[in-house]
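The values are calculated or read from the model by the stated rules, or taken from the named source; none is laboratory data. All values reported here derive from a predicted model rather than from experimental measurement. All Cβ positions, glycine included, derive from the backbone under ideal geometry; neighbour counts span all protein chains shown. Heavy atoms of the whole protein, side chains included, go into the accessibility calculation; ligands, DNA and RNA do not. Shrake-Rupley method; radii C 1.70, N 1.55, O 1.52, S 1.80 Å.
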Amino acid sequence: MKPFYLTTPIYYVNDAPHIGHAYTTVAGDVLTRWHRQRGEDVFFLTGTDEHGEKVMRAAEKNNVSPQKWCDDLVESAWKPTWSALNIANDDFIRTTEPRHEERVQKFLTGLKDAGHIYLGKYEGPYCVGCEEFKLPGDLIDGNCTTHSRPCEILSEENWFFKLSAFVPAIIKHYEENPAACEPASARNEVLAFLKGEVSDLSISRSTFDWGIPVPWDTKQVIYVWFDALLNYATAVGLTDDPTSEGGKKFAKYWPADVHLVGKDILRFHAVIWPAMLMAAGLPLPGKVFAHGWLLVGGEKMSKSKLTGIAPKDITDTFGVDAFRYYFLRAIPFGSDGSFSWEDMAARYTSELANDFGNLASRLIAMIEKYCGGVIPAVAQSPELSEALAKTVVEADAAIVALDFQTGINSIMDFCKKVNGYVTLTEPWKVAKDESRTVELNEILYNIAEAIRALAVLMHPIMPATCEVLWSSLGADKTLGTIAAQKISEVATWGQLPAGSQVVKGAVLFPRLESANEA
Ligand code: MSP
């Protein structure tokens, strides 16, 4: 089976990451961890977009060279943020790396040789914030609608890509493969755009030099988006000789299965990118999925509007795993959502600390108190095991379809069901009657076994917490690592072996300081 290959956008390094960037990257991490636990070979790519005027101006403002600016910011802010958020990417591509630059140049030369590139003149508005040539319909009173700022008017002799020639084939592609652009609202927007006037695309700039030189005209640099989109393919060996290592990697991984993007950059991914691939005779990605925006005050959260919140501002209070959980749980993937401190605190307390964390700590405490800290004999609970089987099917279907909210809800519904089982069976009362030891042991086994399954299902979403829980169940010593547990086997009841030693671990979700509580 072809490995599952997922990408995030490569982010501009004009500034440090905020929670909007983290939203996409965490979603990608959860999805790829889920696929890994399905037993699939996975390749998860993220990285940074370092060329173009936006990054160049940020460097100028700080009186450093663009390269130094990028090097410093990537090392001091981008990579550390992803590792703090426990992002398990397989590669990190920077567009200033030789492996990328060389392949981009080779690709462009190939398109020129095939007759898809010509010299022309671009005259019109350009938004440096978006790094985008704008159409009249994209502007309100001459202002970019995303950045609420006037565009610059360019008049340049540039190299053009014959984008318009591919429009009919792209329309056909989406009509025949609706899953190639999701959600449906995004696909409809793209189709409406494609059915309007689509002109050719200027793919070079001549008024500054922070970019990859056009190989045959080195006074020009390649347009930053043309350069950036190619990262998805250069990272896995685009243009390399098929017999080389890069060429073999390309054959193994390309095309990408999912490009995760925010809806702000849908058109680049769903119009320009497939045209570039078609021009080169390469297969198209399986899916471009456009998620919504995190809003602040009803507008897209962004650093340029000074509404950017750093992930650390939230993880310092709630921890990394609650951060990873919250946005995917609270906002339907594909819709916009407002970040609210109060809502996050409320969900943290009710869903994570009470429903999930307390369930685990009560179970461990009861096993210690009533069973000498040892998991009792394997028992059966048709009620719990049937509910679990249903949960796994539902959660798996939803998550592979990028409906994280439904997937997490079904796991949390199972968690509620287990809490209901505890309330109903009242093990602390059963424990008072010595003649009911067998029953007590059965109840405690069933709770422990249900928590074993919850830990595995929640692991892609909250890896560190679930690892702690896994070892406190003693499962690491008997069942192997949590990451090795397969989604397809999680519903098989009775896996936690009798005799496993439980260990009281740290509280999974500590109580919030009251000032932050809802
Ligand atoms: N460099 C380009 C992408 C090139 S991909 C070939 C770019 N970079 S960016 O730094 O501006 O990041 C854009 C992406 O960050 C969005 O598509 C989205 O994934 C994420 N987000 C940035 N702000 C966001 C919100 N306020 N809300 C949700 N996601 C947001 O565009």
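A few notes on this one:
- Within segment 332-360, tally of residues that are open to solvent by less than 40 Å² (accessible area, probe 1.4 Å) and either within 15 Å of the ligand (Cβ to nearest atom) or under 19 Å from residue 406 (Cα atoms) (or both): 11
- Here segment 93-144 is the region considered, the condition is being under 30 Å from residue 249 (Cα atoms) and hydroxyl-bearing (Ser, Thr, Tyr), and the residue that is nearest to the chain's Cα centre (by Cα) is 95.
- Qualifying residue in segment 233-248 (condition: touching an Asp or Glu at 6+ places or on another chain (Cβ under 9 Å), farther than 23 Å from residue 48 by Cβ, surrounded by fewer than 18 Cβ atoms within 10 Å (Cβ to Cβ) and not hydroxyl-bearing (Ser, Thr, Tyr)): yes
- Just so you know, in segment 171-214 the residues that are assigned to a loop (DSSP other than H, G, I, E, B) and closer than 25 Å to residue 292 by Cα include one that is nearest to the chain's Cα centre (by Cα), and it is 183.
- Residues of segment 304-314 that turn out to be in a loop (DSSP other than H, G, I, E, B), touching a residue at least 24 places away in the same chain (Cβ under 8 Å) and open to solvent by 40 Å² or more (accessible area, probe 1.4 Å), as a count: 2
- Hits in segment 214-253 - residues which are free of Cβ contacts under 8 Å to residues at least 12 places away in the same chain and among the charged types (D, E, K, R): 241, 245, 248
- Lone unmet requirement of (1) within 25 Å of residue 264 (Cβ to Cβ); (2) away from the ligand (no atom under 12 Å from the Cβ); (3) of a type outside the set (D, E, K, R); (4) surrounded by fewer than 21 Cβ atoms within 10 Å (Cβ to Cβ) for residue 16: (2)
- Any helices (runs of 4 or more DSSP H) falling wholly within segment 222-303 and containing at least 2 residues that are more than 22 Å from residue 401 (Cα to Cα) and near the ligand (Cβ under 10 Å from one of its atoms): 224-229
- Pairs, first under 17 Å from residue 145 (Cβ atoms) and modelled with pLDDT of 95 or more in segment 278-303, second within 15 Å of the ligand (Cβ to nearest atom) and hydrophobic (A, V, I, L, M, F, W, C), C-beta under 6 Å, six or more apart: 290/186; 290/261; 290/266
- Candidates 131, 60, filtered to the one that is farther than 28 Å from residue 198 by Cβ and among the charged types (D, E, K, R): 60
- Qualifying residue in segment 414-421 (condition: open to solvent by 60 Å² or more (accessible area, probe 1.4 Å), under 30 Å from the mean Cα position of the chain (by Cα) and in contact (Cβ under 8 Å) with a residue 12 or more places away in the chain): yes
- Residue match in segment 352-367 (condition: over 28 Å from residue 79 (Cβ atoms), in contact with a strand residue (DSSP E or B) (Cβ under 8 Å, 6 or more places away or on another chain) and of a type in the set (A, V, I, L, M)): yes
- Single residue of 468, 503, 456, 438 found to be out of contact with any strand residue (DSSP E or B) (no Cβ under 7 Å at 6 or more places or on another chain), open to solvent by less than 10 Å² (accessible area, probe 1.4 Å) and either farther than 15 Å from residue 374 by Cα or among the aliphatic types (A, V, I, L, M) (or both): 456
- Evaluating residue 29 against the criteria (1) within 14 Å of the ligand (Cβ to nearest atom); (2) acidic (Asp, Glu); (3) surrounded by fewer than 23 Cβ atoms within 10 Å (Cβ to Cβ); (4) over 23 Å from residue 207 (Cα atoms) leaves one unmet condition, (3).
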